[in-house]
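Below is one structure, written out as structure tokens; the observations come after it.
The values are calculated or read from the model by the stated rules, or taken from the named source; none is laboratory data. Nothing here was measured: the structure is a model prediction, and the numbers come from that model. We place every Cβ from the backbone using ideal geometry, glycine too, and count neighbours over all the protein chains shown.
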Amino acid sequence: MKRTLTTCPYCGTGCQFYLLADDNGRLVGVEPSSTHVVAKGQLCVKGWNAFNFPNHPDRLTVPQIRKDGKLVEASWDEALDLIASKLKETQEKHGTDSIAFFSSAKTTNEENYALMKLARAVFKTNNVDHCARLCHSSTVVGLAGTFGSGAMTNSISCVEETDCILVTGSNTTEQHPLIGTRVINAVKGGTKLIVADNRKIRLADIADMHIRWENGTDVAFLNGLMHVIIKEGLADDEFVRTRTENYDELKTVVAEFTPERAAAICKITPEEVVNAARMYATAERAMIIYSMGITQHSHGVDNVKSCANLAMLTGNVGKTGTGVNPLRGQNNVQGACDLGALPNVYTGYQKVVDEASRAKFEKAWGVENLPGNVGLTVTTAINAAFDGELKALYVLGENPMMSDPDQHHVKAGLDKLDFLVVQDIFPTPTTALADVVLPAACYAEKDGTFTSTERRCQRVRKACDPPGKARQDWDIVGDLARRMGYDGLTYNSPKEIMDEITEVTPIYGGMHYDRIDQVGLQWPCPDREHPGTPFLHKGTFKRGLGLFSPAPYKPSMELPDDEYPFVLSTGRCYFHFHTGTMTRRSRLLDREERFPYIEIHPDDAKRLGIYDRFPVMVSTRRGEVKALARVSDIVIPGHLFMTFHFEEGAANVLTNNALDPVAKIPEFKVCAAQIKGAS
Ligand SMILES: Nc1nc2c(c(=O)[nH]1)N[C@H]1C(S)=C(S)[C@@H](COP(=O)(O)OP(=O)(O)OC[C@H]3O[C@@H](n4cnc5c(=O)[nH]c(N)nc54)[C@H](O)[C@@H]3O)O[C@H]1N2
Ligand SMILES: Nc1nc2c(c(=O)[nH]1)N[C@H]1C(S)=C(S)[C@@H](COP(=O)(O)OP(=O)(O)OC[C@H]3O[C@@H](n4cnc5c(=O)[nH]c(N)nc54)[C@H](O)[C@@H]3O)O[C@H]1N2
Ligand code: SF4
Ligand SMILES: [Mo]
């Protein structure tokens, strides 16, 4: 049996394991790595099953081109020549920014670098983005504004070195299971746990406090906590004085959020606000863990800034066991951001509007006139397609038909494009609309690196060959570049790409393959000798002083009314990942959760005559979908919860395309819905 050490393709926890291949080169299993810093010999159910989907017969194996309305097999030459000529033609007719690229947090750092370089160096557009937009774009904006860096401040190991954890909007045991395990261990060791999430997630069972506020009211709650902390003299005055600025404004804003007022907005009790404030602020070291419950709102940036304010007010930044810790979702979403698959920055967050950065990349890439305008995001690109302004789109490893808000709107936008290319490993509802479909190699079939939520850049290694004619994403991108007359994307291996990355990216300066062979390094890692950085902002913030950025409370965009009386929230379950392309093709995972379902509180179900496991119709102003009722007190009365894993009951038919004004993240966590029994 061949054993290949690689990194899990699912969540951002970044566990490593060995892929096991038999003599025919077929993947047959997974073996955990007992020495890995995070996994420590364990894996969650998705990790254990990560060998399964690469073998699935549905894999895309040949390029396809749409002819007379149908996708038919084509050669690589035909497909790539067509793409090159169509993209060129579109730009000549409608301008450089009439095309856009979606990159992928599922693919490697090297592949994200290649795609963003293709967009910028070859097609001269900054219209390049990826699913971080739908995920932690509020974090990137909010923490960059307050601290100067948009990443998780501390390490996963810090969970076991803290005295109090505030978990808010993160279903840690299901979505970052091996971080969830750490939280459980910490609690067993005496760490206090506050769970602020209105669903009764598994961590709620062991929490010292479980606060079930209304979705979308986090700013009121966090301001309430800060009000109490200041009033009761629990702030870290020394930290506030020496490490931060704009404290007076914070004081003014939170002064209005008495526990009574905060509690009234959140529909909890004033005592809960006071007790949570005391528990968090009196801990010697306290950390905040958050994820989508905080970010996916039309006021996601305000939520993130409020978390940062709370941490600064109590001096909980810049040391071990503390910090503001957004758990990054996808296996390589941290890396896709770091490598510049974003419309405003090159690698390492070097801004495209900055002339010196442009000059640096022009020299490195041997090109002229890199564009200086900030490009379209995933969400605004779909809107631009809908408005007829965007004409062509190249989607590499995303499934926007299932993952973007308001599916009818997304479909209408994609339908209006003159040309759509989708490069994936499986057929999806997005490939179904494409003019050209390109088959890619999956994680098990390639070399490269992923960067985990704790900024740890780790190796991904080839364990088997790709099926049929599928090729590595970076290789396809390089081939297309050559057809556009550019040789600067021709590499022999991902290692060569990483060597280039280290040259142009200060935070990745020391990430050479020989250094991360066994144990990955955490950025910033500026040079060959640097040991990596376990926690950020020690002694000084990246931006100098931490900036208090108080936010007033703003309600969500669409609240329940007589017609749509429920709050519908969407998210995930333990067994499936996102749009299900991989987990629904893994036998064991598929068996656990087979049908779309919606959680509803027993009181509501009773009132509406809805029975557990019976079909219901859920509708919003955008559309309706059928699902099976899951009657459970996991949710509070008046709230519904659905996952977006199922094509046949797609939650994003229902969701609202309202965006945060700065981060452009959609409001996936709150919209108004109606539910009734169905046959
Ligand atoms: N099994 C599995 N694991 C995954 C994924 C997957 O699809 N499946 N996806 C990965 C990705 S990309 C991501 S981003 C992460 C996401 O990981 P999480 O953010 O942990 O997952 P979600 O289910 O989206 O939402 C988490 C919690 O937010 C709560 N919530 C909703 N609205 C609010 C609110 O207004 N305020 C607060 N405080 N809480 C709220 C919900 O009740 C829910 O329990 O998971 C990663 N891991
Ligand atoms: N309603 C609702 N919608 C949401 C969310 C929510 O909470 N609620 N969460 C949002 C969040 S946080 C996220 S991160 C997004 C995720 O949105 P997406 O990234 O669109 O979702 P995925 O299913 O992860 O899509 C990844 C695609 O890449 C393909 N793929 C996998 N590996 C490779 C590879 O190596 N090469 C190539 N070329 N393709 C590959 C997969 O088959 C799949 O089609 O969804 C968002 N959408
Ligand atoms: S916790 Fe995340 S990285 Fe670890 S095995 Fe599970 S899905 Fe993979
Ligand atoms: Mo995500």
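Details
- Listed here are the strands (runs of 3 or more DSSP E) enclosed by the stretch 596-677 that have at least 1 residues being among the hydroxyl-bearing types (S, T, Y) and on the phi < 0 side of the Ramachandran plot: 597-600, 615-619, 639-643.
- Taken over the stretch 108-160, the criterion of being within 16 Å of ligand 2 (Cβ to nearest atom), of a type in the set (S, T, N, Q) and over 13 Å from the mean Cα position of the chain (by Cα) is satisfied by T108, N109, N112.
- Residues of the stretch 1-25 that are part of a loop (DSSP other than H, G, I, E, B) and modelled with pLDDT of 95 or more: C8, P9, Y10, G12, T13, G14, C15, D22.
- Flag for E256 being under 30 Å from T655 (Cβ atoms), out of contact with any Cys (no Cβ under 7 Å at 6 or more places or on another chain) and away from ligand 2 (no atom under 16 Å from the Cβ): no
- Residue check for V62: surrounded by fewer than 21 Cβ atoms within 10 Å (Cβ to Cβ) and either of a type in the set (K, R) or in contact with an Asp or Glu (Cβ under 8 Å, 6 or more places away or on another chain) (or both): yes
- Here the condition is being surrounded by fewer than 24 Cβ atoms within 10 Å (Cβ to Cβ) and either within 16 Å of ligand 4 (Cβ to nearest atom) or not aromatic (F, W, Y) (or both); of T146, T181, it holds for T181 alone.
- Between G321, G300, G375, the distinction of being away from ligand 1 (no atom under 16 Å from the Cβ) and touching a helix residue (DSSP H, G or I) at 6+ places or on another chain (Cβ under 6 Å) belongs to G321 only.
- Members of the stretch 577-600 that are in contact (Cβ under 8 Å) with a residue 24 or more places away in the chain and either away from ligand 1 (no atom under 15 Å from the Cβ) or touching a strand residue (DSSP E or B) at 6+ places or on another chain (Cβ under 7 Å) (or both): R587, F595, P596, Y597, I598, E599, I600
- Evaluation of D499 against the conditions (1) over 27 Å from the mean Cα position of the chain (by Cα); (2) surrounded by fewer than 21 Cβ atoms within 10 Å (Cβ to Cβ) shows that the sole unmet condition is (1).
- Breaking point among (1) over 15 Å from Y290 (Cα atoms); (2) within 16 Å of ligand 2 (Cβ to nearest atom), for I229: (2)
- When the stretch 26-57 is filtered for residues that are more than 9 Å from ligand 3 (Cβ to nearest atom), in a loop (DSSP other than H, G, I, E, B) and touching a Leu at 6+ places or on another chain (Cβ under 7 Å), the ones remaining, listed by number, are S33, N49, F51.
- Of all the criteria given as (1) farther than 25 Å from F123 by Cα; (2) assigned to a helix (DSSP H, G or I), the one not satisfied by D475 is (1).
- Conditions (1) more than 16 Å from ligand 4 (Cβ to nearest atom); (2) surrounded by fewer than 24 Cβ atoms within 10 Å (Cβ to Cβ); (3) not hydroxyl-bearing (S, T, Y); number of the one not met by E110: (2)
- Pairs where the first residue, in the stretch 2-30, is within 16 Å of ligand 1 (Cβ to nearest atom) and the second is β-branched (V, I, T) and in a loop (DSSP other than H, G, I, E, B), C-beta under 7 Å, 6+ apart: G12/T453; T13/V38; T13/T453; G14/V38; G14/T453; C15/V38
- Here P552 clears all of (1) within 16 Å of ligand 4 (Cβ to nearest atom); (2) surrounded by fewer than 20 Cβ atoms within 10 Å (Cβ to Cβ) except the condition numbered (1).
- Filtered by the rule that a residue be farther than 22 Å from M401 by Cβ and of a type in the set (G, A, S), the stretch 94-141 gives G95, A114, A121, S138.
- Single residue of A79, A105, A84 found to be of a type in the set (A, V, I, L, M), within 16 Å of ligand 1 (Cβ to nearest atom), modelled with pLDDT of 95 or more and closer than 23 Å to L433 by Cβ: A105
- So G323, is it over 30 Å from M582 (Cβ atoms), of a type outside the set (F, W, Y), touching a strand residue (DSSP E or B) at 6+ places or on another chain (Cβ under 9 Å) and touching a residue at least 60 places away in the same chain (Cβ under 8 Å): yes
- Matching residues, the stretch 525-573, being out of contact with any Cys (no Cβ under 8 Å at 6 or more places or on another chain), more than 16 Å from ligand 3 (Cβ to nearest atom) and of a type in the set (D, E, K, R): D527, R528, E529, K538, K542, R543, K554, D561, D562, E563
- Residue identified as more than 20 Å from the chain's Cα centre (by Cα) and either on the phi > 0 side of the Ramachandran plot or within 16 Å of ligand 3 (Cβ to nearest atom) (or both) among A444, A434, A412, A440: A444
- Residue among T322, T347, T377 that is under 30 Å from C164 (Cα atoms), buried (at least 21 other Cβ atoms within 10 Å of the Cβ) and hydroxyl-bearing (S, T, Y): T322
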